[in-house]
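Read through the structure below, which is laid out as structure tokens, and then see the notes.
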Amino acid sequence: MEPDVSIESMCTIRIAVIPIGQISPSLFREYASLLTVHSKIDLSSISSFYTEHQKSPFTHQPWDSGCLRFKFILGGSPPSPWEDFQSNRKILSVIGIFHCPSSPDLDSVNDQFSIVCKAYNSSLAQKCFGFCPGDEQLKDGNRRQDNLNLFPPADRRTLEMHMHNMMQDIAASLLMEFEKWVLKAESAGTIVKTPLDSQASLSSEEVIKAKKRRLGRAQKTIGDYCLLAGSPVDANAHYNTALELARLTGDFFWYAGALEGSVCALMMDRIGHRDPVLEDEVKYRYNSVIVHYRKSFTQDNSQRVSPVSFELEATLRLARFLCRREQAKDVVELLTNAADGAKSLIDATDRLVLYIEIARLYARLGYERKAAFFSRQVAQLYLQQDNRFAAVSALQVLAISTKAYRVESKASSARDSLPENGPSPVDGGKLNPNSIVSLFESQWSTLQMVVLREILQSAVRAGDPLAAWSAAARLLRSYYPLITPTGQNGLATALTNSAARLPSGTRSADPALPFIRLHSFPISPPEMDIVKRNSGKEDWWAGSAPSGPFIYTPFSKGDTDNNSKQELIWVVGEPVQVLVELANPCGFDLVVDSIYLSVPTGNFDAFPISVTLTSNSSKVIALSGIPTSVGPITVPGCIVHCFGVITEHLFRDVDNLLLGAAQGLVLSDPFRSSGSATLRNVSVPNVSVVSSLPLLVSHVVGGDGAVILYEGEIRDVCISLANAGTVPVEQAHISLSGKNQDAVISIAYENLKSALPLKPGAEITLPVTIRAWQHTTVDFDTAAGRSGGLGRQSKDGTSPMLMIHYAGPLGSNAESTAENTILPPGRRLVVPLNVCVSQGLSFVKARMLSMEIPANVGENLPKPPPLLDNVTESSSGSNRIERLVKKDPYRGTWGLRFLELELSNPTDVVFDISVSVQLENTTNEDNSTDQEPAEYGYPKTTIDRDSSARVLIPLEHFKLPVLDASFFIKEPLVDGTSSGRNSSFSEKHAKAELNACIKNLISRIKVRWESGRNNTGELNIKDAMRAALQTSVMDVLLPDPLTFAFRLARDGLEDDLQSSATEEGSVLAHDMTPMEVLVRNNTKELIKMNLSITCRDVAGENCLEGPNATVLWAGVLSGITLEVPPLQEIKHPFSLYFLVPGEYSLVAGSVINDANEILRARARSDSPTEPIFCQGPPVHVRVCGAP
Amino acid sequence: MASTACFMIVSRTDIPIYEAELGSALKKEDAAQQHQFILHASLDIVQDLAWTTSAMFLKAIDRFNDLVVSVYVTAGHTRFMLLHDSRNEDGVKCFFQEVHELYIKILLNPLYLPGSRIASSHFDTKVRALARKYL
């Protein structure tokens, strides 16, 4: 069998091209390539070399359109036993090629060439070409008359032209030789033999038969020469004769040969014209050829030679002729038959050639899988031969077949599919089940494993370590679940062995282990947060995407269209990390010598690390690097140095694999051992690198640990900020976030402001005043547990955070086109104010205490509370009350109310409590210098550890001067009634007003504590106070509608200037004592009432009435009807005569007639008919005995 | 029963979704692989041939050495491929038709993703029973 047979190969002249002397193979190929371009020489061009010696037997030679075809066989070939049968098998010419510098002696070259030529006795023309001759050789060569031709050094075009001339010469001489041969054969007759003809002596009958046959065979051979000479018409004539003769003599083999020749002649004649009629003719004739070859098969010589190969060759020729998609069915039939014929081929090489041809034809038909199948058969035949070259061939053939089995190396697939960059089916996370299936279209795992194993085997045998490594890597990576642990170990060993024979630093396109997938791009730590700068805005950080833990927040604005992918910003010169997950699903420990991020954009310095993965394990590792220049960065995978070879592992491949694993389409999930069964969809953010930014780092002066504060403690915390970047900070802004923001009382923002721009390396201190908040037990635990760490610990804690937005300088051209330029982003530094609140003073309860301090009756009246409109009086300095409680028993009585706070100290330190009350200065309207509200302090109360103490807060100076409806109804009613006086006022309003009053009241009371040297704070007892005050606020705030006072009117003087301290207020017994009761109306209404006065002794007995009354009286003491005008006083004089010295108390009481709503509300009377009784506090009178 | 037979179901997307060595002959791993190789190669021929006829049973479409490939193409272009060495065409046809019914039952399973591997042991048992019956 011969390779590459076609119908046209019948008419090509074979020329052996032989290297002569010392010549390197590459040089020989180069020189030969000059020859091989001239595989077709037109007859018209050789006429100048052609001389007609005799009358040419090729009468119909087409000199104008015909041509001679050549086939150059480099290195020559041994003579075929079948060359008599098909003359195109003969080597009809020999061309020697020698390299002059290495073969200086032309004579010896000539000798060698003639020796070579002797081997080819069928050769009709010989030439020997020398290249690159020296001057001497050139001179020598010109003199010689033999076949040596020297080509002076020249460029390739010139050489090709020379060669063309030479070929024309050879063609002409061959043509003349053909003529000679045909003339000789026609006249003398020639004996042609094939191995089919039995070697045994012929019987007489056979001799006669042979003589008859000889004629036909001669005609066939002449026809062959006609074809070679490029004269199809002549050939056809001879073939027809031969066919006739062969049919007559039953010489089927030669008949088939002649028929084949006639088809070739037909094709030659109709060259360039291809029509269905011709095709049918060729098909018909060739089928006949095949049938006749089959007929010629005889049993007797089947052991030795067989015409089967001719039958197969004819089949292949026809198949090649028909080989088009439309004829696929016929071609497949032919090729299937041919493949069947392989069994009857004796020679293994023939079978090899047959399979190669079948594979080629299938491939030409587009039947990739068929072609791959036969390629694999070829490879198996090669592998049966036990030598290295066969293994190399097997490797190459298998490499071709990998595409059909879809196990091709990435190196070759990248070459093929580089232009088409179609969308990957996993784009955008949306998946169509069909497209997933198509990802794993090639799931013929058994076949794939077999092919890869054969590639590995042949690569090892062929000594190609890289191919072996690649095959083993593909096998291990893709099919590890199907391979036993022993097999996996074997593959690992194969990988190591192959790598040992490779130079270090070899790269392979096919990744082996481990499997690598992207775990996450960690967002930058909070102290390095990057915030987009919003150009042209004062608060440039506002509106930028929140870089919190949520990708989507319901509060973000609706620009979702460009938010589909997360954005990530890296900064030049600042190290970044990417987390990847490695998995080793195999049964051996995997040592990854180095792994680092692969960044094709080139603006990234990746830091390699080495990892060891135990069997069946996975690991998340952080790969880091430093961006080096501004621009976008993509991180498609990792570069891995493992098993001695450097490979690139793309994340996408593993993602696809995992996708398939999730669908049950691929064998196994390599990350199974990591425990996450669900498919993780890591979104790869768009990473861009920006130029250097400033970087503020903060630490709390005095240690970064949490500041431990007692509840309510106020403390200054100094935060030191330093610029650790290379760019100055030009803008900075501080805001608060997190819980307990109101705990931060003040931030010395000016400190920061004045330090701008903050140069690299500069440092400033920022004092922040914090008041500790309420202690909760949970907080204590978590804070205690985390107090050692830094960073995020307080993010979810209760501590407030300072957010410092800062930015470097604007771009250089920012002033010109501020809108268009993209500003370098700013940064956000989150400084957690790590405050650990520990329990301080604890508040037990608060309650209202009321007490009445009885006044003595004297000549002075208690000072009336200052009226709002009585400005002149209250503005005098003496009017100011200097102390919280001014107890003057002679100045009347007040119902004092105290807020009692019970505090306990569960800590182990001592607390000092001081209470202060802030008074609203009513006079600040006209006395602008006296802006500060008066404050009054108590002496400190010390509470020892583990003790409780009570603190009294007098609620004295809060009373309003006038009981007024406006207190209840400050605003007009909502329902629009013109006057709300008689209508019932809205309870809601009353409540709101009350609350406001209480709040106002509470806010003026401060309870501060001190402990140790520098712990001070304020108790937060507002809620407790509110609760305590809620019920009795009316009593605290509102004055009684009527106030009563008694006065001695001994001298009939009404002035109260007399103030003898000693005898003041003493009343003598047995003396008529004139007294006055003063009734003051504190409302703005006229009050009508019935006043009555009683006097009681120490025992509480009424002394004025009853059987044993001890006091005589003059005047009216009961049932006094009075009308008190608003905000006025009325005196009612009377006299008492005490019979017995001692202590007495006078009480004035009155029943108010026609009380209005306000009074009722004040008195808390429910029914409108109930009389309202108003009683003053008792007033003491000391009655002395007579002197 | 045929001495050598290998049955495969190949999905529309050329993925083998079921394979079974049905032969009574001695099971050799090499042979099984070779069977798959032959069937894989035959897909090229099936893909052209399936469109030339309306019949589902394509008869013997390919052969290698002594092994014949018979193919049955369902309406959904799922291919049942049988590699056998017997010439019992009727039996093969009946076998294919019965397997088709089984396959449709598999398809009716709402949990079965068309085009994925058929892992049902029940299906496997039935197919092997059919093979014993018809081949």
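Only one of the listed residues (A:ASP347, A:ASP386) is in contact (Cβ under 8 Å) with a residue 60 or more places away in the chain and acidic (Asp, Glu). That residue is A:ASP347.
Of all the residues in region B:57-75, those that are open to solvent by less than 60 Å² (accessible area, probe 1.4 Å) and not hydrophobic (A, V, I, L, M, F, W, C) number 4. Among the residues of region A:752-789, those that are in contact with a Gly (Cβ under 9 Å, 6 or more places away or on another chain) and modelled with pLDDT under 50 comprise A:ASP779, A:THR782, A:ALA783, A:ARG786, A:SER787, A:GLY788. In summary, A:ASN142 fulfils each of the numbered conditions (1) open to solvent by less than 50 Å² (accessible area, probe 1.4 Å); (2) within 19 Å of A:ASP169 (Cβ to Cβ); (3) assigned to a helix (DSSP H, G or I) with the single exception of condition (1).
For region A:1095-1111, enumerate the residues that are open to solvent by 40 Å² or more (accessible area, probe 1.4 Å) and part of a strand (DSSP E or B). If the condition is that a residue be open to solvent by 40 Å² or more (accessible area, probe 1.4 Å) and part of a strand (DSSP E or B), then A:ARG1096, A:ASP1097, A:ASN1102 are the ones that fit.
Determine, yes or no, whether A:VAL331 is more than 10 Å from every other protein chain (Cβ to nearest Cβ) and either open to solvent by less than 20 Å² (accessible area, probe 1.4 Å) or closer than 19 Å to A:MET1 by Cα (or both). It is true that A:VAL331 is more than 10 Å from every other protein chain (Cβ to nearest Cβ) and either open to solvent by less than 20 Å² (accessible area, probe 1.4 Å) or closer than 19 Å to A:MET1 by Cα (or both). Here A:ILE115 qualifies as open to solvent by 20 Å² or more (accessible area, probe 1.4 Å) and free of Cβ contacts under 8 Å to residues at least 12 places away in the same chain. Among residues of region A:1071-1097 that are farther than 13 Å from A:ALA1049 by Cα, those with a Cβ under 8 angstrom from a residue that is of a type in the set (Asp, Glu) and assigned to a loop (DSSP other than H, G, I, E, B), sequence gap 6+ or separate chain, pair up as A:ASN1082/A:ASP1040; A:THR1083/A:ASP964; A:LYS1084/A:ASP964; A:LYS1088/A:ASP1154. Assessment of region A:732-751 against the conditions (in contact with a Gly (Cβ under 8 Å, 6 or more places away or on another chain), surrounded by fewer than 18 Cβ atoms within 10 Å (Cβ to Cβ) and at pLDDT 75 or above) yields no matching residue. B:HIS40 meets each of the listed conditions (1) within 12 Å of chain A (Cβ to nearest Cβ); (2) over 12 Å from the mean Cα position of the chain (by Cα) apart from (2). Within region A:377-387, restricting attention to residues that are surrounded by fewer than 18 Cβ atoms within 10 Å (Cβ to Cβ) and in a helix (DSSP H, G or I), the residue that is nearest to the other protein chains (Cβ to nearest Cβ) is A:GLN380.
When we screen A:ILE708, A:ILE745 for residues that are in contact (Cβ under 8 Å) with a residue 60 or more places away in the chain and either assigned to a strand (DSSP E or B) or under 30 Å from A:ASP908 (Cα atoms) (or both), the only hit is A:ILE708.
Residue by residue, here is whether (1) within 14 Å of chain B (Cβ to nearest Cβ); (2) assigned to a helix (DSSP H, G or I); (3) at pLDDT below 85; (4) more than 30 Å from A:GLU313 (Cβ to Cβ) holds:
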position	(1), (2), (3), (4)
A:ILE358	yes, yes, no, no
A:TYR362	yes, yes, no, no
A:ARG369	yes, yes, yes, no
A:ALA391	no, yes, yes, no
A:GLN396	no, yes, yes, no
A:SER401	yes, yes, yes, no
A:ALA404	yes, yes, yes, no
A:ASN421	no, no, yes, yes
A:ASN434	yes, yes, yes, yes
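Selection of region B:108-129 for residues being within 14 Å of another protein chain (Cβ to nearest Cβ), under 23 Å from B:PHE57 (Cα atoms) and open to solvent by 30 Å² or more (accessible area, probe 1.4 Å) yields B:PRO114, B:ARG117. Scanning region A:578-602 for residues that are surrounded by fewer than 16 Cβ atoms within 10 Å (Cβ to Cβ) and in a loop (DSSP other than H, G, I, E, B) yields A:ASP589, A:PRO600, A:THR601, A:GLY602.
Conditions tested, residue by residue: (1) touching a strand residue (DSSP E or B) at 6+ places or on another chain (Cβ under 8 Å); (2) closer than 24 Å to B:ASP30 by Cβ; (3) open to solvent by less than 30 Å² (accessible area, probe 1.4 Å).
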| position | (1), (2), (3) |
| --- | --- |
| A:LEU312 | no, no, yes |
| A:ARG317 | no, no, yes |
| A:LEU345 | no, yes, yes |
| A:ALA348 | no, yes, no |
| A:VAL353 | no, no, yes |
| A:GLU357 | no, no, yes |
| A:LEU365 | no, no, yes |
| A:GLU368 | no, yes, no |
| A:SER375 | no, yes, yes |
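Within region A:1-30, the set of residues being in contact with a helix residue (DSSP H, G or I) (Cβ under 9 Å, 6 or more places away or on another chain), open to solvent by less than 30 Å² (accessible area, probe 1.4 Å) and not in a loop (DSSP other than H, G, I, E, B) comprises A:ILE7, A:SER9, A:MET10, A:CYS11, A:THR12, A:ILE13, A:ARG14, A:ILE15, A:ALA16, A:VAL17, A:ILE18, A:ILE20.
Scanning region B:43-59 for residues that are facing another protein chain (nearest Cβ under 9 Å) and either basic (Lys, Arg) or within 14 Å of the chain's Cα centre (by Cα) (or both) yields a count of 1. What do you reckon, is A:GLU1123 of a type in the set (D, E, K, R) and either closer than 16 Å to A:THR1083 by Cβ or part of a loop (DSSP other than H, G, I, E, B) (or both)? Yes.
The values are calculated or read from the model by the stated rules, or taken from the named source; none is laboratory data. This one's a predicted model, so the numbers in the text were calculated from it and none came from an experiment. We place every Cβ from the backbone using ideal geometry, glycine too, and count neighbours over all the protein chains shown. Each accessible area value is taken on the protein alone, full model and side chains, heavy atoms only, with ligands, DNA and RNA left out. Shrake-Rupley method; radii C 1.70, N 1.55, O 1.52, S 1.80 Å.
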